[in-house]
Structure formats: structure tokens, C-alpha cells
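Where a number appears in this text, it was derived from the coordinates with a stated rule and is not lab data. Note that this is a predicted model, so its numbers are computed, not measured. Every residue, glycine as well, gets a Cβ built from its backbone with ideal geometry; the counts of neighbours run over all protein chains shown.
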Amino acid sequence: MKNLFIIAFCFVVQIGFSQEINAEVTIDAKQTGQTQLSVFKTLETELTEFINRNSWTNQDLESHQKIDISFFIMVQDLKENNFRATLQIQASRPIFGTDQVSSLMNYKDSDFNFQYNEYQALNFSSTSYQNNLVSTISYYVYAILGLDADSFEEKGGTDYYETANQIANFSQQRGTGWDASSGNNSRVNLIRELISANYANFRSAYYRYHRQGLDQFYMDSEKAKSEITESLKEISALSKSRSSSTVIRGFFDAKANEILQIYSGGNDENHAEIKKLLLSISPVHSRSWRQIKS
């Protein structure tokens, strides 16, 4: 997915004021044929400041602890103040004891339509609907905060997921992209699954993968790798009854390259088993899994 975009016209702004998040917003307006309009630069700057200045939680983190989030907005059409766009979201968090990061989300939202007037104030409220621009961005921020918290504490992201779900509930009758009946790619399905008791085992495995696996590599790589293997087995067990799961698909969209790197070193006797398991759970990433030596 990372290679889908060739950016011929874009603005990139990064400002680090947030307590929790280091966000980067990129807007590509080439498809509109109106790249000279200042509204694209203004929106990019204002949206970046909105994300980075807002206090999404009560945490105040050091810069190296912050969640990196990239929002790539491909504007396909602009008529008056009506934007038709797609949104690519990528997020990562630091891996303890290293200078590396782990991907939390790599997702494309193909139904990101909104209204925006240049210099319009962007304000967030968790108790009321503002507009589809603010609601969609805020929804993904809280979803990512939840995934990050789940990766450090078992089921630690519940409050963030509940806030994201509240945003979805407010937005369903007002904005586009919120219809849960539109298929597995509806943005609300991610949160609906994460707060469901049916996915409690996924969240436990998610914590095990990160906190007992990735974050322990610097101390004991073999034990850490074993924990990751067991977490993937737990996700595999769940996938047998949830084959069209948004959460499980999203996990492997974010983690495919990382998992390949974990199992690419040497010829471990367990690699054949994990390779078979990965091909079964996430065949869409079979090109990556086939590179694992067994």
C-alpha cells in the first residue's frame, strides 16, 4: 500500500506541540487540476496544528515516546467547499530498548468526503458532531491511541476505543463513510470489533506480541520471538471463526513487513510452521510470507 502513491504535488508540514502525538499531514491535490489554490496549503497547516495541539489524553510524553501518525489526503475533486478524497493513515510507536518503531496502522479510507472553508476553525468535541473532517480524523486518532495503549497494557485501550465509537455513533447519520452495512471496509467496523467481547483474545494476543515480544527483543531475542509466535497462533485461532475480520486484516496490513523481518533470520525449525500459519491467516500477504526461510 505504501507504494500506491506517486506524489507530484504535495505539501508536507510537521509540527510537534502535542502531548501524545507527532502528526504529519500531506495533501495531494493534483487530481483536482486546481493545485494553485491556497486552500490546500491552509487545510494542511490547520489540520496538522489541530492534531498536534489538541490534548487527546491526559498524558505528557517525551518526544521519543510519542506516537507517529501520518495522514495522506488525496483530494480527487473540489467543488466550492466540498472535498472528495481518500485518506491513508499510517501510525507507529517506539519499540522499547531500541531506536526502531512498530507499525500500529496502515489503512486506506476510500470514502473521505468533507466540507471545508479556508481558515475554518477546527474544534473537537467528544460529545457532539462537528463535521466530517474533524470527526473522521479524531476517530482515527482515538483508534490509534487505543491500539498503542493495548500494545503496552493488556486491554489498556478500552477508553480510547469507546471514545472512537462515540464519534462513530454521532457521525453515522451526518457524514459519509460511517455506514456499517456498507461492508467490511466501513471505518466503524474496526472499533466495533475491538470493543466486542468476541475479540478479547485478539487484544490479549496484541499485547503479548508487542509488550512480551517486540519490547523484549533487546534483552532476550529468542524468548521474545517465541512470544510473538504464540501470539500469532492465538490470532490464527480467532481467524478461523472470523475470516473477514477488519481487525485481523488491519493487523497484518500494518505488520507484514515487521513479521517478515522477525522470521527472516536463519533457518529456525519453527519457521515452516509459522510460514504455513501466516499463509493461512493472511494470504493477501503471501508474497512476504514466502520469503521466510524454512
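Would you mind working out the magnitude of the charge dipole of the chain relative to its Cα centre, with +1 at each Lys and Arg C-beta and -1 at each Asp and Glu C-beta, to the nearest 20 Debye?
Computed about the Cα centre, the dipole is about 980 debye.
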ask   = For the stretch 178-232, which chymotrypsin sites (Phe, Trp or Tyr not before Pro) are in a loop by DSSP, counting at most 14 other Cβ atoms within 10 Å?
value = 218
key: Gain in span if fully extended, residue 290 to residue 169, counting 0.36 nm per residue against the direct Cα distance   = 39.5 nm
ask   = For the pair residue 119 and residue 179, what calculated FRET efficiency results from E = 1/(1 + (r/R0)^6), where r is the Cβ-Cβ distance and R0 = 30 Å, to the nearest 0.05?
value = 0.45
query = residue 270 versus residue 198, label points 7 Å from Cα toward the beta carbon: distance in nm?
reply = 3.0
remark   = Between residue 155 and residue 36, Cβ-based FRET efficiency (R0 51 Å, step 0.05) works out to 0.55
note = Pseudo-spin-label distance residue 244 to residue 76, built 7 Å along Cα→Cβ, given in nm, is 2.2
query = Do any chymotrypsin sites (Phe, Trp or Tyr not before Pro) in the stretch 100-173 lie in a loop, going by DSSP, with at most 11 other beta-carbon atoms within 10 Å of their beta carbon, and if so which?
reply = 119
key: Degrees separating the helix 38-53 axis from the principal Cα axis of the chain, which is the longest one   = 50
note = Largest fluctuation, 174, 192, 211 only, Gaussian network model of the chain with Cα springs under 10 angstrom, belongs to 174
Extended-chain gain in nm, criterion 0.36 nm per residue less alpha-carbon gap, residue 101 and residue 219 = 40.8 nm
request  = Let me have the 222 nm mean residue ellipticity of the chain computed from DSSP H runs of 4+ only, each contributing -39500 (n - 2.57), with the sum over all residues rounded to the nearest 500.
outcome  = -12500 deg cm²/dmol
Under 21 Å, Cα to Cα: Lys pairs in the stretch 9-195, sequence gap 8 or more or different chains = 5
note = Honestly the stretch 201-294 on the Cα gyration tensor test (a ≥ b ≥ c root eigenvalues; a/c under 1.5 rounded, otherwise a/b vs b/c for prolate or oblate) is just oblate
Rounded, prolate or oblate (a/c below 1.5 giving rounded, otherwise prolate when a/b exceeds b/c) for the stretch 9-195 by Cα gyration tensor = oblate
